[in-house]
Amino acid sequence: MEFKQRQYSIESENYKELLSRVAYSPDINHRVLIDLLQHKTRLERKTKPVLETLRCYQNLPPDKTLATLAIEKKRREYEAASNRLEDLVQALELRE
């Protein structure tokens, strides 16, 4: 019986040491974790629209003049692609 008691005491100390190593705290329980998850979900719902709005501006340079130049460059690229597409459509129409 004493052997079992010593063995139990050693195992108990080992488990306590393990819990302290992983920063276990008795005030963390299932209800607290559920509340934290719900709070995180609410914050994600609030920030998602803002992040989606800002995502389109992430590729712009930080300077206003550089941003204007980048926008102008993209506009020119779009116009060039549009012109090429029109030329291809006209070429296809002439073949028919």
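Structure above, values below:
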read-out	value
Hey, residue 36 modelled with pLDDT of 90 or more, open to solvent by 100 Å² or more (accessible area, probe 1.4 Å) and among the hydrophobic types (A, V, I, L, M, F, W, C) or not	yes
Scope region 70-88; condition of a type in the set (A, V, I, L, M), open to solvent by 80 Å² or more (accessible area, probe 1.4 Å) and either in contact (Cβ under 8 Å) with a residue 12 or more places away in the chain or under 16 Å from residue 56 (Cβ atoms) (or both); matching residues	71
Of all residues making up region 12-31, the number that are open to solvent by less than 80 Å² (accessible area, probe 1.4 Å) and at negative phi	5
Failed criterion for residue 91 (all others in (1) open to solvent by less than 100 Å² (accessible area, probe 1.4 Å); (2) under 30 Å from residue 14 (Cα atoms); (3) assigned to a helix (DSSP H, G or I) hold)	(2)
Hey, residue 67 part of a helix (DSSP H, G or I), in contact with a Leu (Cβ under 7 Å, 6 or more places away or on another chain) and without any contact (Cβ under 8 Å) to a residue 40 or more places away in the chain or not	yes
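The values are calculated or read from the model by the stated rules, or taken from the named source; none is laboratory data. Keep in mind that this is a model prediction, so the values were computed, not measured. Cβ: placed from backbone, ideal geometry, glycine included. Neighbour counts: every protein chain shown. Remember, those area values only see protein heavy atoms, side chains included, never the ligands or the DNA or RNA. Shrake-Rupley method; radii C 1.70, N 1.55, O 1.52, S 1.80 Å.
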